[in-house]
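Participant: Before I ask anything, here is the structure I am working with.
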Amino acid sequence: MERATDVFVIGGGPAGLAAAIAARQLGLGVVVADGSRPPIDKPCGEGLMPDGRAALAQLGISVPEDVSRPFRGISFVSGGLRAEANFPAGCGIGVRRTILHRLMVERAEAVGVSLRWSTPVTGIHPEGVLLGKQLVRSRWVVGADGGHSLVRRWAGLDRFRSDRTRFAFRRHYRIRPWTDRMELHWGPKCQIYVTPVAGDEICVALVSCDPHLRLDAALPAFPELASRLRDADPSSAERGATSSTRKLRQVYHGHVALVGDASGAVDSITGEGLCLTFRQAQVLAECFVAGDLRRYQHEHRKLARRPAMMARLMLTLDWKTSLRQRVMRAFNSDPRLFSRMLAMHVGALSPLDFAANGLSLGWRMATV
Ligand SMILES: Cc1cc2nc3c(=O)[nH]c(=O)nc-3n(C[C@H](O)[C@H](O)[C@H](O)COP(=O)(O)OP(=O)(O)OC[C@H]3O[C@@H](n4cnc5c(N)ncnc54)[C@H](O)[C@@H]3O)c2cc1C
């Protein structure tokens, strides 16, 4: 049997590292184990909204400008129409997933987290976790092992409501970004997200309900984007992942708590997955110190509310093309509507303001 730690984190992706850093910053002893080795890559839109950047800063991490690219807002492009808005304050940042992972690993090391790579966890135990036959004793166990979490199953937390799973393919291109916004291109039952991630590179991610639809086959439906990418060289291989919406009944049991995609997820269309994860990690660490995981359950639910609502709204626009085009026309005729929607998306508008915006949008749609 090995020496005890306060917190054992299973999974060293963004959620696991964030949970480890937050717990360590509050003085707890933390071990992280991951079956892979860094830098760990994963298909992602690679955009951090301003609220995500703020949550990352709370963990003591700022992304240097020479390995990233700021963006000042979001553009929607659909059926020949374009709607654009800037964030109400601050910038988002595009950063390659491998770089974000490296920065998080460096921060975890700097605050004294013990990191074990190539170390798959094989089970949990009332007193800690199992690495094969070895028991590592731990007061708390964190399941940060992603969307297909085994910890969730081991802890008996595998009861959830799940919407349609969507399929994502991501590739980078060596090209000078043509925009200082993150672009969301709407196509026939699919979207392509474009995020500038460096002065000479962009990340392009396709998301659809069709597991066989790849980027090259989808691009002809996006003529503007296809023409921009025609002469650009890919700078990474195409990689796939799934994107789901999943709401768990319970995110803790006994001494085991889930964080990040293991604890449920909002559809990737929101671009808020990492922000949500970093915030969960912060609250979870506070709840460990207070010895109160019931509060974590409560706060976890509250944190997911806004992104989940935005995901529902945006996925409705995905399914209903004629509604989307009416919304786009309304955004075009009154750009303040889109600005306010974006402000709400990043948590800078209250639900009351949102309701007022909904009414204005409805009125505008009826009159354009
Ligand atoms: C297409 C797409 C685009 C997205 N775009 C954005 C975006 O632009 N902005 C944004 O904020 N979010 C985005 N997201 C969401 C974001 O990528 C996720 O929320 C984030 O990856 C969650 O991280 P995680 O650490 O929970 O899971 P993961 O990144 O999956 O990490 C889980 C880790 O656990 C490890 N592991 C698994 N099992 C074990 C085990 N038994 N023992 C030890 N280790 C184990 C794995 O090796 C892995 O490293 C996107 C998601 C998708 C699918």
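Participant: I'd like to check which strands (runs of 3 or more DSSP E) are fully inside the range 54-136 and have at least 1 residues that are touching a strand residue (DSSP E or B) at 6+ places or on another chain (Cβ under 6 Å), farther than 30 Å from Leu225 by Cα and among the aliphatic types (A, V, I, L, M).
Facilitator: Answer list for the range 54-136: 114-116, 123-125, 128-131.
Participant: Further question: Please go through the range 347-368 and give me each residue that is β-branched (Val, Ile, Thr) and either in a helix (DSSP H, G or I) or modelled with pLDDT of 85 or more (or both), ordered by number.
Facilitator: Passing the criteria: only Thr367.
Participant: Would you mind stating whether Val142 is touching a residue at least 60 places away in the same chain (Cβ under 8 Å), surrounded by 20 or more Cβ atoms within 10 Å (Cβ to Cβ), more than 10 Å from the ligand (Cβ to nearest atom) and under 20 Å from Gly254 (Cβ atoms)?
Facilitator: It is true that Val142 is touching a residue at least 60 places away in the same chain (Cβ under 8 Å), surrounded by 20 or more Cβ atoms within 10 Å (Cβ to Cβ), more than 10 Å from the ligand (Cβ to nearest atom) and under 20 Å from Gly254 (Cβ atoms).
Participant: Give the residues of the range 30-66 that are over 20 Å from the mean Cα position of the chain (by Cα), touching a residue at least 60 places away in the same chain (Cβ under 8 Å), more than 8 Å from the ligand (Cβ to nearest atom) and farther than 15 Å from Ala110 by Cβ, sorted by residue number.
Facilitator: Val31, Arg37, listed by residue number.
Participant: Also: Applying the selection to the range 3-29, what residues are under 23 Å from the mean Cα position of the chain (by Cα), more than 9 Å from the ligand (Cβ to nearest atom) and over 12 Å from Ala108 (Cβ atoms)?
Facilitator: Passing the criteria: only Phe8.
Participant: Now for a separate question. For His212, only one of the following conditions fails: (1) in contact with a strand residue (DSSP E or B) (Cβ under 6 Å, 6 or more places away or on another chain); (2) without any contact (Cβ under 8 Å) to a residue 24 or more places away in the chain. What is its number?
Facilitator: Of (1) in contact with a strand residue (DSSP E or B) (Cβ under 6 Å, 6 or more places away or on another chain); (2) without any contact (Cβ under 8 Å) to a residue 24 or more places away in the chain, only one is false for His212: (1).
Participant: Sticking with this structure for a sec: Any chance you could count how many residues in the range 271-280 are near the ligand (Cβ under 8 Å from one of its atoms) and either over 10 Å from Ser243 (Cβ atoms) or of a type in the set (A, V, I, L, M, F, W, C) (or both)?
Facilitator: Matching residues across the range 271-280 total 6.
Participant: Which pairs turn up if I take residues in the range 228-245 that are under 13 Å from His172 (Cα atoms) and look for partners that are surrounded by fewer than 17 Cβ atoms within 10 Å (Cβ to Cβ) and among the acidic types (Asp, Glu) with beta carbon separation below 8 Å, at least 6 apart in sequence or on another chain?
Facilitator: Note: pairs meeting the criteria are Arg239/Asp41.
Participant: Checking the structure you have, find out if any residue of the range 187-206 is in contact with an Asp or Glu (Cβ under 6 Å, 6 or more places away or on another chain), of a type outside the set (D, E, K, R) and assigned to a loop (DSSP other than H, G, I, E, B).
Facilitator: No, because not a single residue in the range 187-206 is in contact with an Asp or Glu (Cβ under 6 Å, 6 or more places away or on another chain), of a type outside the set (D, E, K, R) and assigned to a loop (DSSP other than H, G, I, E, B).
Participant: Continuing with this model, one more query. Go through Val197, Val207, Val251 for me and flag whichever is out of contact with any helix residue (DSSP H, G or I) (no Cβ under 8 Å at 6 or more places or on another chain), within 14 Å of the ligand (Cβ to nearest atom) and of a type in the set (A, V, I, L, M, F, W, C).
Facilitator: Val197
Participant: Thr242: β-branched (Val, Ile, Thr), touching an Asp or Glu at 6+ places or on another chain (Cβ under 6 Å), within 13 Å of the ligand (Cβ to nearest atom) and assigned to a strand (DSSP E or B), yes or no?
Facilitator: Here the answer is no, as Thr242 does not meet what is asked.
The values are calculated or read from the model by the stated rules, or taken from the named source; none is laboratory data. Everything quoted here is computed from the prediction, not taken from an experiment. All Cβ positions, glycine included, derive from the backbone under ideal geometry; neighbour counts span all protein chains shown.
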